[in-house]
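The values are calculated or read from the model by the stated rules, or taken from the named source; none is laboratory data. Not measured: the values here are computed from a predicted model. For neighbour counting, all protein chains shown are included, and Cβ atoms are generated from backbone atoms with ideal geometry for every residue, glycine included. To get the accessible areas, we keep the full protein, side chains included, count just its heavy atoms, and leave off ligands, DNA and RNA. Shrake-Rupley method; radii C 1.70, N 1.55, O 1.52, S 1.80 Å.
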Amino acid sequence: MNTPNNARSILSKSKIKQALVGLLENNKLSDITIGSICEKAGINRTTFYSHFSDMSDLFKAFESELSEQLEKLFIHDPDIAETGNLIDIFKSALDVVKKYKNLYKTHLGKIFEGNTIDKVMTKLKNKYAPILFRGKDVTPTMEESYFIFLKSGIIGIIRDWVKRDCPESCEQIAKTIFQIINQVRTSQPVQENQ
């Protein structure tokens, strides 16, 4: 029996997802059909429909899987306050994005607008705010504004990088992101008007 978590089921889902990624290398998303995915994966349509109700369901499953991978890099890391470690974590996250860049270009760009990026930024904020703002007179409003700005900047950098087909290495982009985060250490906070 092909139950949801047995080896055969897991293999079938993996083949379907790999087929989608492979087809996106040379095809527009609008040209990819369930039939073409099944053909590329070497499965029949019944197998596809036993796992996904339609293409939208396949995308949701893929989006969820990619979100989990990205979250794990940041949320479950024991100590991201170390400079090198944060660069490595960003590099690992960018490796995931680059591997599935065609999905991010087409359908999965909304991953950056959901809970995943919010959880990652909360983790960064909780770990980094005490370090970044140590010895500085920064109000909670300024701190929150900084992280909202940072979130938008990181998303913008990654989107632009993917749009340009990832010409820089993951490590280069990770270092750029870290340098931007780190700028607050040397900057003087602007005082809010009371």
In the range 123-146, the residues that are open to solvent by less than 70 Å² (accessible area, probe 1.4 Å) and part of a helix (DSSP H, G or I): LYS123, LEU124, LYS125, LYS127, TYR128, ALA129, ILE131, LEU132, MET142, GLU143, SER145, TYR146
Cross-chain or 6+ apart pairs with Cβ under 7 Å, the range 57-68 first and in contact (Cβ under 8 Å) with a residue 24 or more places away in the chain, then outside any helix (DSSP H, G or I) and of a type in the set (Phe, Trp, Tyr): LEU58/PHE52; ALA61/PHE52; LEU66/TYR100
Residue check for ILE75: at pLDDT below 90 and open to solvent by 30 Å² or more (accessible area, probe 1.4 Å): yes
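Can you tell me which residue in the range 17-66 is surrounded by the fewest Cβ atoms within 10 Å (Cβ to Cβ), limited to those that are in a loop (DSSP other than H, G, I, E, B) and acidic (Asp, Glu)?
Start the filter on the range 17-66 by keeping residues that are in a loop (DSSP other than H, G, I, E, B), which leaves 25-28, 32-33, 42-44, 52-54.
Then keep just the ones that are acidic (Asp, Glu); that gives 25, 54.
Details: GLU25: 7, ASP54: 11.
The selected residue is GLU25.
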Selection count where residues are under 18 Å from LYS99 (Cβ atoms) and of a type in the set (Phe, Trp, Tyr), scope the range 119-174: 1
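Among the residues of the range 152-188, count how many are open to solvent by 60 Å² or more (accessible area, probe 1.4 Å) and either at pLDDT below 90 or of a type in the set (D, E, K, R) (or both). Working first, answer last.
Going residue by residue through the range 152-188, those that are open to solvent by 60 Å² or more (accessible area, probe 1.4 Å) are 152, 159-160, 163-165, 167, 171-172, 175, 179-180, 183, 185-186, 188.
Cutting the leftovers down to either at pLDDT below 90 or of a type in the set (D, E, K, R) (or both) gives us 152, 159-160, 163-165, 171, 175, 179-180, 183, 185-186, 188.
Residues that pass the stated criteria total 14.
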Single condition PHE149 does not satisfy, out of (1) over 12 Å from the mean Cα position of the chain (by Cα); (2) modelled with pLDDT of 80 or more; (3) part of a helix (DSSP H, G or I); (4) closer than 22 Å to LEU66 by Cβ: (4)
